[in-house]
Amino acid sequence: MRKVWNGSQPSSTPVFSFFIINKQAVNQHRTPTVLLYKVLCVTMERCSTQVSRKVDKNAQEENVTLHGSVVWLTVYKRIGIIGGLSPESTTLYYQHIIRRYYEVFGTHSYPEIIIYSVNFQQYITWAYEEQWPAVAEALLDLLTRLQRAGADFAVIACNTLHVVFDQVQRSSPIPLLSIIDATAEKIIKEGIDTVGLLGTSFTMEHKFYRDGLARHGIGVLTPNKTSREYLDKIILNELSIGIINPETRTKALTIIDELVTEGAKGIVLGCTELPLLLTSHPNYMLFDTASIHAEKTLQYAVRTLD
């Protein structure tokens, strides 16, 4: 929370757009009342406030709290995204956060977002050479840059790079939200205890994803070697550059069927590009890790969404 003084007190407050959230509405899981205050400070000595209000029909104006000459306003956390891994999935994060915010609040005052788009080829090279210490060091450098740019917390918009998440999180200068933990929460909420995992070969073959879900009591099945190599190839050579091939979708659905036959009760799209290819399935639940992670990002920034 931040204090903004009215015109009767000196202030050096810059220009802001803020929202006050109706806590009662939040607690009752209703769309919160939003009171938009546009505060324009003219000089160090004077501050004029222009208020436009959008009041939910169930809200009461008494939910606005005024303490003498002080108005308490909620300031959203500024989001940092390490993106470009690939650019296609970074777009999914950005669009989800913006569209979901508008869906819930009905305004365009979504949290500020800082995106650091990396040199994707460098990370591809490090991954195939299994230079994970170099990846961790680079991610920590990016997190420091995001912090200096003003980010309050960050997410890595890539499943594969979560192979070094624990190490990076321990040294990160700002909070870091895990895509694996967010996905696990969603799986548990749906009452599923065994999932099939699709993704890059690194994600499917390394233990980090399996262990991460296992911490939440979730079992993991992965495709056979031929299918893993196929998925790795199409993610890098098609999906990461926006190519959506119907034949690829058909093959991916066949791989899903095989996992379900083996006992999977849901499928984790463990690469943030896979939702470009698979959006839903008529018989099985698909866990879109990009959307799940983006939703958790918005929740953390706003701290009011259910």
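The values are calculated or read from the model by the stated rules, or taken from the named source; none is laboratory data. From a predicted model like this one, the values you see are computed outputs, not experimental measurements. Every residue, glycine as well, gets a Cβ built from its backbone with ideal geometry; the counts of neighbours run over all protein chains shown.
Looking across segment 144-189, the residues that are more than 24 Å from THR200 (Cα to Cα) and among the hydrophobic types (A, V, I, L, M, F, W, C) come down to LEU146, ALA149, ALA151, PHE153, ILE174. For segment 114-125, the condition of being in contact with a His (Cβ under 6 Å, 6 or more places away or on another chain) and buried (at least 20 other Cβ atoms within 10 Å of the Cβ) holds for none of the residues. Of the residues VAL163, VAL168, VAL155, the single one that is at negative phi, part of a strand (DSSP E or B) and either in the same structural domain as TYR128 (by TED's automatic domain parsing) or out of contact with any Gly (no Cβ under 8 Å at 6 or more places or on another chain) (or both) is VAL155. Being more than 17 Å from TYR300 (Cβ to Cβ), modelled with pLDDT of 95 or more and among the charged types (D, E, K, R) is a property that does not hold for GLU185.
When the criteria are applied in full, PHE165 meets the requirement of being within 18 Å of the chain's Cα centre (by Cα) and under 27 Å from LEU259 (Cβ atoms).
Selection over segment 174-202 of residues that are among the hydroxyl-bearing types (Ser, Thr, Tyr) and either farther than 30 Å from ARG148 by Cβ or loosely packed, with under 14 Cβ neighbours inside 10 Å (or both) gives a count of 3. If you go through segment 268-293 and keep only what is in contact with a Pro (Cβ under 9 Å, 6 or more places away or on another chain) and of a type in the set (Gly, Ala, Ser), you end up with ALA290, SER291. Of all residues in segment 265-299, those satisfying the criterion of being surrounded by 19 or more Cβ atoms within 10 Å (Cβ to Cβ) and in a helix (DSSP H, G or I) are LEU274, PRO275, LEU276, THR289, ALA290, SER291, ILE292, HIS293, ALA294, LYS296, THR297, LEU298. On the stretch given as segment 211-226, residues that are buried (at least 19 other Cβ atoms within 10 Å of the Cβ) and part of a helix (DSSP H, G or I) total 2. Here TYR93 fulfils each of the conditions (1) hydroxyl-bearing (Ser, Thr, Tyr); (2) more than 27 Å from ARG210 (Cα to Cα); (3) touching a helix residue (DSSP H, G or I) at 6+ places or on another chain (Cβ under 6 Å); (4) in contact (Cβ under 8 Å) with a residue 60 or more places away in the chain apart from (2).
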